[in-house]
Number of protein chains: 4
Amino acid sequence: MFANLSAGALGLPLDHPTAIDLAVRHDFGGVDPDPTYFAGLGSVQAVSEHAAAVRERGLSWGIAGLPVPLDGPAETFRAALVDLPATLELLRAAGVTALGTWVRPMHEELRYRENWRLHLSRLSVVAELLADAGLRLGLEYIGPKTFWSTERFPFIHSLREARELIAESGASNVGVILDSYHWYTAGESAEDLAGLTDADIVSVDINDARTDRSRDEQQDLDRRLPFDTGVIDLDGFTAAVREAGYTGPVKVEPFMPSLAKEPVDDVLADVSHRLARAISA
Amino acid sequence: MFANLSAGALGLPLDHPTAIDLAVRHDFGGVDPDPTYFAGLGSVQAVSEHAAAVRERGLSWGIAGLPVPLDGPAETFRAALVDLPATLELLRAAGVTALGTWVRPMHEELRYRENWRLHLSRLSVVAELLADAGLRLGLEYIGPKTFWSTERFPFIHSLREARELIAESGASNVGVILDSYHWYTAGESAEDLAGLTDADIVSVDINDARTDRSRDEQQDLDRRLPFDTGVIDLDGFTAAVREAGYTGPVKVEPFMPSLAKEPVDDVLADVSHRLARAISA
Amino acid sequence: MFANLSAGALGLPLDHPTAIDLAVRHDFGGVDPDPTYFAGLGSVQAVSEHAAAVRERGLSWGIAGLPVPLDGPAETFRAALVDLPATLELLRAAGVTALGTWVRPMHEELRYRENWRLHLSRLSVVAELLADAGLRLGLEYIGPKTFWSTERFPFIHSLREARELIAESGASNVGVILDSYHWYTAGESAEDLAGLTDADIVSVDINDARTDRSRDEQQDLDRRLPFDTGVIDLDGFTAAVREAGYTGPVKVEPFMPSLAKEPVDDVLADVSHRLARAISA
Amino acid sequence: MFANLSAGALGLPLDHPTAIDLAVRHDFGGVDPDPTYFAGLGSVQAVSEHAAAVRERGLSWGIAGLPVPLDGPAETFRAALVDLPATLELLRAAGVTALGTWVRPMHEELRYRENWRLHLSRLSVVAELLADAGLRLGLEYIGPKTFWSTERFPFIHSLREARELIAESGASNVGVILDSYHWYTAGESAEDLAGLTDADIVSVDINDARTDRSRDEQQDLDRRLPFDTGVIDLDGFTAAVREAGYTGPVKVEPFMPSLAKEPVDDVLADVSHRLARAISA
């Protein structure tokens, strides 16, 4: 696995070239791809050349966001499918290997099984289209009870459920996005990660939690930097990820608005250091 | 439909003969069967004679409790099945036509679909055994969020889910137990009851809710007598039940410990009056 | 219900204007819509005017074919969705109310449940897109064993399965296409049709079967005109359809190449007569 | 894995003590347990002593038959559950570790999903009861098309389906019984066995097929001894089983009535030799 600079996940408004420069400067092993930037390069050829230059600087790609919603109205889904091939072509040209999205853990109207069928429908179509393009898909489950309990019908909010959805889709190019924060808030342990292989994991996030809240009080959008509070057993988490033989990107996504107010080099030096600790632990 | 005296649901410690006497005195149309009392009569013949005497007094039977858990360990389920035929024989001898149970709306370990498969497993076996004995089964879903949100994995807590479970069981002798309290706390309306027929409803409970709590704050075990507070649209509820052509028992289950401290005739006169209002509304 | 002239189902190469003229001449109540012809009219306005003229001549529309495959590769499905809105717009402009497709009753690779999930995926997306356009969808199940047993994994080949697929899709604008030939070859009886309503049936086909073959030997593409052999209990079938309150189109689809060699007016007079008998029976 | 003498599978009417003697004489590594014989020993203690003596002679146990039907009426299932604990106690006392049963691959009435739910219901209860007793369960899928196509609704007839049923049961003590004959008639290859581990396989059967029938013409109850005709790729099959790290019993089940007419020592010497070849290949 390698430390990945995801400016978006850090809440830092960095443009793509700047993110690349900073990733190199602060010893990250990867950086998020930027499909909008790629599109702006004007040709598949230009995207390939840009990607080659990024690789030359020692960086791999993190994962791209999936531009297709797995829930919502069918017309929204349909319209997203119309545009999908062009985006996938750019990502392939850049050598990106995976996209990711998260699963909304509740619904006001759709019962669990109805929502399952909705997600399974969309997932199976999208997964096959990505497989045709040689791309993998990562699904992130969301753990905090303060989130999944806010609407009438809770949905997937544990690793086991996410893995069953993936298994039922029959897709071999879909895996999970593991975030220590969701793993902790879902009440999971290292044991729950046992048996995972590199093929099962598409991306990894490392975050810590606040000390002044119980597990069920933690908020999805108010986390801490890894190793900050020690609330989450990051050593157990990363050991399990290593045990799985995971080879992909590892990033930080703390939802701390304060980061955007600090000097960016200070933030990135700190984040890079924390990721290095997590990876080498 | 007819007003049914369920001493247990009222929290009144009445023995079976007393309950029958009081049901007659206060113009109830039915009374709960008591399998333990039946067993104590010593023979199927004696049970039939007792039941004939009860019918003679103008009373029908409410529903009996299902003596088989739909969740829990397989060995508990197995042991309950061993004893089931004897109980069913007594109920048949008495002319009882239906049993009922409720569905626990959450689980600490079992994910929704795992819990679904558990309940479906047990339900399909039990439903067929009851069908063999000419008996129906009612399933009650539980609405209060203060209940279903207390463990890690919420389960069935709406009419639509209960009906889908029943449909998937393939059993034609299973229906729902409708309780206005669950209907209200589940956020349901008369529209949700549309399309139900007498075959879909096995028993009906009429309760009201506290005024000082929002819908999502209501507690499962702290309700009010029907028409007491007006929080729940009982007119809409009973109109829909009538529209379904429902012919079975209607009872009150307020979980108000204070009732046991009042003169029993006062309580039953009041309850009977409220049920009569609901039925004739 | 009304007799519908479907030239395609009869194997007659009639262009759309000719089909309309012949439908009028032979007292049909409806005729198949022709999206290709509609598209050739050049504008939505022209389609509306054409449809008004057809209505003026006393004809309703049969159903259009669904231009989206419910199985096959995801890319084929995606491409069909790109083009779907334009077709739906034409159909709406013409006042067409329903589309239909059949379900392939076997697969060489996909196991039953895998194939179910595939069809459910596609169906739920398509049904919602059609619902947005105010259109219904009919699914036809295929009965002959000589067809469903020809590949490794048989799939839906009975009414009950088709109805469960529709129910699980959650779509209220999807119903079945009932064909007496599939009903007979599936070993179904009038009892299997009990409980259906007009909302459950999108289109009806009336055909008879050969006398020299047992039920399980009948071939999907070698049938007989209704009331020709009496092998199929068409009176029982149409009585059940009438009992359901069905109001839509009824057509004949005999797969008899010989029809194309006979004078078209003879064929249509005969077919019209047979449909009239079925409808009024 | 070890060669197991299953007199029943060979169609030989050997009593239990004789089977043990012959297993030793012909170098089998195991022999089928005989619950009826165990019961006849009169006490759990006597069963333990008998088992110790068998072990002393160098034999392990094959698997016992599951005395509970996974289909059929609920009352039959219930009655079998009443008696189950006594049988499981004898098997445990003997040190038997697994039971097995096969899945009927078709049904005249139950549609695939209905039948799936039936089997899943029964399987989940039985698997948990066996797990409580420290026992595993093996499920055998049946491959021949001449069998699964004989009723209206084909059911599980491939390894993938059997494994999905097991996975959905959530039971960790259930695996498959692999029979080269079913593997061949199901059109499966070594690739289909890839990824299996010892935990996934409960028992293995090695059989060959007739040369004068195509794959789809093979009859379930008319097979050949392993390596007899070479129709089935037994080397590929056993290599895949070995690759899985399988440690359990391997037996022959040819359904050849002729075997019972030959000298038993000749038959067993031959069978033992063939199993040794399969195991060591």
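From C:Glu140, C:Glu161, grab the single residue that is within 30 Å of D:Thr146 (Cα to Cα), more than 13 Å from chain A (Cβ to nearest Cβ), acidic (Asp, Glu) and surrounded by fewer than 22 Cβ atoms within 10 Å (Cβ to Cβ).
The match here is C:Glu140.
Restricting to region B:235-262, name every residue that is part of a helix (DSSP H, G or I) and charged (D, E, K, R).
Passing the criteria: B:Asp235, B:Arg242, B:Glu243, B:Lys261.
Looking at A:Ala80, is it buried (at least 21 other Cβ atoms within 10 Å of the Cβ) and out of contact with any Asp or Glu (no Cβ under 8 Å at 6 or more places or on another chain)?
Spelling it out, it is not the case that A:Ala80 is buried (at least 21 other Cβ atoms within 10 Å of the Cβ) and out of contact with any Asp or Glu (no Cβ under 8 Å at 6 or more places or on another chain).
Tell me which residues, restricted to region D:109-156, are of a type in the set (A, V, I, L, M) and either in a helix (DSSP H, G or I) or over 20 Å from the mean Cα position of the chain (by Cα) (or both).
Answer for region D:109-156, where residues must be of a type in the set (A, V, I, L, M) and either in a helix (DSSP H, G or I) or over 20 Å from the mean Cα position of the chain (by Cα) (or both): D:Leu110, D:Leu118, D:Leu120, D:Leu123, D:Val125, D:Val126, D:Ala127, D:Leu129, D:Leu130, D:Ala131.
Looking at region B:252-268 only, could you name the residues that are within 22 Å of B:Trp61 (Cβ to Cβ) and out of contact with any Phe, Trp or Tyr (no Cβ under 9 Å at 6 or more places or on another chain)?
If the condition is that a residue be within 22 Å of B:Trp61 (Cβ to Cβ) and out of contact with any Phe, Trp or Tyr (no Cβ under 9 Å at 6 or more places or on another chain), then B:Val252, B:Val264, B:Val267 are the ones that fit.
Is it the case that D:Asp83 is part of a loop (DSSP other than H, G, I, E, B) and acidic (Asp, Glu)?
no
Could you list, in sequence order, all residues of region C:143-158 that are among the aromatic types (Phe, Trp, Tyr) and within 11 Å of chain D (Cβ to nearest Cβ)?
Scanning region C:143-158 gives C:Trp148, C:Phe153, C:Phe155.
Please enumerate the residues belonging to region C:103-137 that are out of contact with any strand residue (DSSP E or B) (no Cβ under 8 Å at 6 or more places or on another chain), within 13 Å of chain A (Cβ to nearest Cβ) and touching a residue at least 12 places away in the same chain (Cβ under 8 Å).
Hits for region C:103-137 are C:Trp116, C:Leu118, C:His119, C:Leu120, C:Arg122, C:Ser124, C:Val125, C:Glu128, C:Leu129, C:Ala131, C:Ala133.
Having 3 or more residues that are aliphatic (A, V, I, L, M) and modelled with pLDDT of 95 or more is the bar; report the helices (runs of 4 or more DSSP H) wholly within region C:159-227 that clear it.
Because the criterion is at least 3 residues that are aliphatic (A, V, I, L, M) and modelled with pLDDT of 95 or more, the helices (runs of 4 or more DSSP H) in region C:159-227 that meet it are C:159-169.
Exactly one of these conditions fails for C:Ala64: (1) in contact (Cβ under 8 Å) with a residue 12 or more places away in the chain; (2) within 23 Å of A:Leu81 (Cα to Cα); (3) in contact with an Asp or Glu (Cβ under 9 Å, 6 or more places away or on another chain). Give me its number.
(2)
What's the number of the condition A:Tyr181 fails, among (1) in contact with a strand residue (DSSP E or B) (Cβ under 9 Å, 6 or more places away or on another chain); (2) at the interface with another protein chain (Cβ under 10 Å from one of its Cβ atoms)?
Checking A:Tyr181 against (1) in contact with a strand residue (DSSP E or B) (Cβ under 9 Å, 6 or more places away or on another chain); (2) at the interface with another protein chain (Cβ under 10 Å from one of its Cβ atoms), the one that fails is (2).
Read through the list (1) away from chain C (no Cβ under 14 Å); (2) closer than 30 Å to C:Ala127 by Cβ; (3) not in a strand (DSSP E or B), then give the number of the only condition that A:Gln45 fails.
(2)
Name the pairs whose Cβ atoms lie under 7 Å apart, with the first residue in region D:157-182 and among the charged types (D, E, K, R), the second assigned to a loop (DSSP other than H, G, I, E, B) and crowded, with 22+ Cβ neighbours inside 10 Å, and 6 or more positions between them or separate chains?
So the pair list comes out as D:Glu161/D:Tyr141; D:Asp179/D:Asn207.
So which residues in region A:44-89 are under 18 Å from the mean Cα position of the chain (by Cα) and acidic (Asp, Glu)?
Hit for region A:44-89 is A:Asp71, nothing else.
In region C:33-44, what residues are out of contact with any strand residue (DSSP E or B) (no Cβ under 9 Å at 6 or more places or on another chain) and touching a residue at least 40 places away in the same chain (Cβ under 8 Å)?
Selection gives C:Phe38, C:Ala39, C:Val44.
Taking the residues in region A:167-178 that are crowded, with 22+ Cβ neighbours inside 10 Å and hydrophobic (A, V, I, L, M, F, W, C) as candidates, determine which candidate is nearest to the other protein chains (Cβ to nearest Cβ).
By that ranking, first place goes to A:Val174.
Going by the conditions given, is B:Lys251 under 28 Å from B:Leu135 (Cβ atoms) and basic (Lys, Arg)?
Criteria met by B:Lys251.
With respect to D:Val96, is the statement that it is in a helix (DSSP H, G or I), away from chain B (no Cβ under 14 Å), over 27 Å from B:Arg117 (Cβ atoms) and β-branched (Val, Ile, Thr) true?
Considered against the rule, which asks whether it is in a helix (DSSP H, G or I), away from chain B (no Cβ under 14 Å), over 27 Å from B:Arg117 (Cβ atoms) and β-branched (Val, Ile, Thr), D:Val96 comes out as no.
Restricted to region B:218-274, and to residues that are touching a residue at least 60 places away in the same chain (Cβ under 8 Å) and β-branched (Val, Ile, Thr), which residue is surrounded by the fewest Cβ atoms within 10 Å (Cβ to Cβ)?
Among them, the one singled out is B:Thr247.
May I ask you to say which residue of B:Asp21, B:Asp32 is crowded, with 19+ Cβ neighbours inside 10 Å, at pLDDT 95 or above and among the charged types (D, E, K, R)?
Going through B:Asp21, B:Asp32 in turn, just one is crowded, with 19+ Cβ neighbours inside 10 Å, at pLDDT 95 or above and among the charged types (D, E, K, R): B:Asp32.
Inside region B:48-80, can you point out the residues that are assigned to a helix (DSSP H, G or I), away from every other protein chain (no Cβ under 14 Å) and over 23 Å from B:His26 (Cβ atoms)?
Matches in region B:48-80: B:Ser48, B:Glu49.
The values are calculated or read from the model by the stated rules, or taken from the named source; none is laboratory data. All values reported here derive from a predicted model rather than from experimental measurement. With ideal geometry, Cβ positions are generated from the backbone for all residues, glycine too; neighbour counts draw on all protein chains shown.
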